[in-house]
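Single-structure report; data block below.
Here, each number is a calculation from the coordinates, and none is a lab measurement. Quantities reported herein were computed from a predicted structural model and do not represent experimental measurements. When we count neighbours, we look across all protein chains shown, and the Cβ atoms used for this are built from the backbone with ideal geometry, even at glycine.
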Amino acid sequence: MASKKNAKKPGKKAAARQKVALDHVSLPVRRLASARKFYRAALGAVGMSINMDVGSAFGMGSKDEKIFWISQQRGASGGAHHAFRVGTRADVNAFYEAGLKAGGKDHGAPGPRPNYGPHYYAAFLKDPEGNNIEVVCYRKAATPRRAH
């Protein structure tokens with residue numbers, strides 16, 4: 001039986017809650033230097049940069065954000081999956097090309113993924129420790145203009 005203290009009062013609305021947003025995530029890696037090279041290039045291609053460095057970890061994000069932390073941990077085992085949403089398909093392509101050049105391994109070339117959604121366009125790379133890093137764009141493909 002609910003207590004009277006917690007019971008809703010007739011005519012009184014529950015307080016509106018703010019939308020919950022993810023503030024940051026952390027990815028443990030064994031080799032911080034190779035991770036720094038890969039992520040600086042791959043995520044740098046979509047506008048992210050290292051905005052804080054504390055020696056055994058660094059935080060990346062757009063502008064002054066620090067939403068993605070990479071930290072050195074001896075027992076890190078890879079296998080994580082992190083996806084970053086971008087505004088254009090060109091950003092997806094740029095991530096893929098820059099990441100390959102920085103030591104990433106192909107895990108899904110840029111292209112539509114209709115099983116994930118009607119406008120889902122993504123690329124996947126494995127970082128040097130086997131983590132699956134994805135960049136996705138939800139914009140419709142541009143329709144070619146017809147010549148008149």
**Q.** Under-5 Å amide H pairs with V29, H placed in peptide plane, nonlocal only
**A.** S71, Q72, Q73
**Q.** Three-way shape call for the chain based on the alpha-carbon gyration tensor, with the a/c threshold at 1.5
**A.** oblate
Q | Estimated vicinal HN-Hα couplings, Hz - the range 43-49 in sequence order (Karplus 6.51, -1.76, 1.60; Gly, Pro = x) | A | 7, x, 5, 10, x, 8, 9
Q: For a footprinting-style exposure proxy, rank D91, D23, D127, D53 by other Cβ within 10 Å, fewest first.
A: D23, D53, D91, D127
Q: Kindly count the pairs of lysines across the chain whose alpha carbons are less than 16 Å apart, treating pairs on different chains or eight or more residues apart as eligible.
A: 7
Q.
Amide H of M52 versus every other amide H placed in the peptide plane: which residues, excluding those fewer than 5 positions away on the same chain, fall under 5 Å?
A. G59
